[in-house]
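Data block below; observations after.
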Amino acid sequence: MRFNLCVDASEMSKTIQKGTSDILVQGVIDLFYENNDGTMTVVDFKTDKVSPSDGELTLLERHSDQLFYYCRAVEQITGKKVSGAYL
C-alpha cells in the first residue's frame with residue numbers, strides 16, 4: 001500500500017529546530033494485517049545480501065528507520081496500534 005506521512009523535519013536532522021518545517025515521507029508497505037486482538041502487524045520484504053552470521057543485525061541497522069515510519073503510517077491509515085513489525 002502506498003502512503004504519504006508528514007513528519008516534523010527535526011525527526012530527520014538534529015540541526016533543524018522542532019516545529020519549523022515538515023518533511024513528506026512516501027513509501028510502499030509490502031504487507032500489514034490485523035491480529036486477533038485488533039492490533040496490526042507490519043511486514044517488509046528485503047532481498048539484501050547479508051552474512052549468515054550477522055544478517056539479522058545488518059538488516060535491522062539498514063532498515064529500522066524505514067520500518068518505524070511504515071508502522072506510523074499503518075497506525076495513521078487504520079487508526080489501530082501496531083504491535084509487531086518484521087523484516
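The values are calculated or read from the model by the stated rules, or taken from the named source; none is laboratory data. Computed from a prediction, not measured in an experiment: that's the story for all the values here. Reconstructed Cβ throughout: ideal geometry from the backbone, glycine too, with neighbour counts over all protein chains shown. Accessible surface is based on the protein model in full, side chains and every heavy atom, while ligands, DNA and RNA are left aside. Shrake-Rupley method; radii C 1.70, N 1.55, O 1.52, S 1.80 Å.
Key figures for this structure:
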| read-out | value |
| --- | --- |
| For region 4-12, 3J(HN,Hα) per residue [Karplus equation, 6.51 cos²θ - 1.76 cosθ + 1.60, θ = phi - 60°, Hz, x = Gly/Pro] | 10, 9, 8, 10, 5, 4, 5, 5, 9 |
| Lysine pairs with alpha-carbon atoms under 30 Å apart, the chain, spacing 8 or more or separate chains | 7 |
| Share antiparallel - DSSP beta bridges, the chain, percent rounded to 5 | 75 |
| Positive-end residue, the chain charge dipole about Cα centroid, Cβ charges, pick of Ser21, Gly55, Gly79 | Ser21 |
| Given charges at beta-carbon only (K, R positive; D, E negative), |dipole| of the chain in Debye | 180 |
| For Thr20, solvent-accessible area (1.4 Å; no DNA, RNA or ligand), Å² | 80 |
| Karplus-derived 3J(HN,Hα), 6.51/-1.76/1.60, for each residue of region 71-87, Hz, glycine and proline x | 5, 4, 5, 4, 5, 5, 5, 9, x, 10, 6, 8, 9, x, 9, 9, 9 |
| Accessible surface of the chain, 1.4 Å probe, proportion on carbon and sulfur as whole % | 51 |
| For the chain: accessible area per residue (Å², 1.4 Å) | 70 |
| Three-way shape label, region 35-82, alpha-carbon gyration tensor, a/c 1.5 | prolate |
| For Rg/Rh (Cα atoms, Kirkwood Rh), calculated from these coordinates, the label among [x] 1.02; [y] 1.00; [z] 1.20 | [x] |
| Rounded, prolate or oblate (a/c below 1.5 giving rounded, otherwise prolate when a/b exceeds b/c) for region 4-52 by Cα gyration tensor | oblate |
| The chain, helix-only ellipticity at 222 nm - DSSP H runs n ≥ 4, -39,500 (n - 2.57), divided by all residues, nearest 500 | -9500 deg cm²/dmol |
| Mean Cβ neighbour count within 10 Å, used as a protection proxy, ranking 21-30, 44-53 highest first | 21-30, 44-53 |
| Average Cα contact separation per residue, the chain, under 8 Å, 6 or more apart, as relative contact order % | 28 |
| Dipole magnitude of region 47-87, debye to nearest 20 (Cβ charges: Lys/Arg +1, Asp/Glu -1, about Cα centre) | 240 |
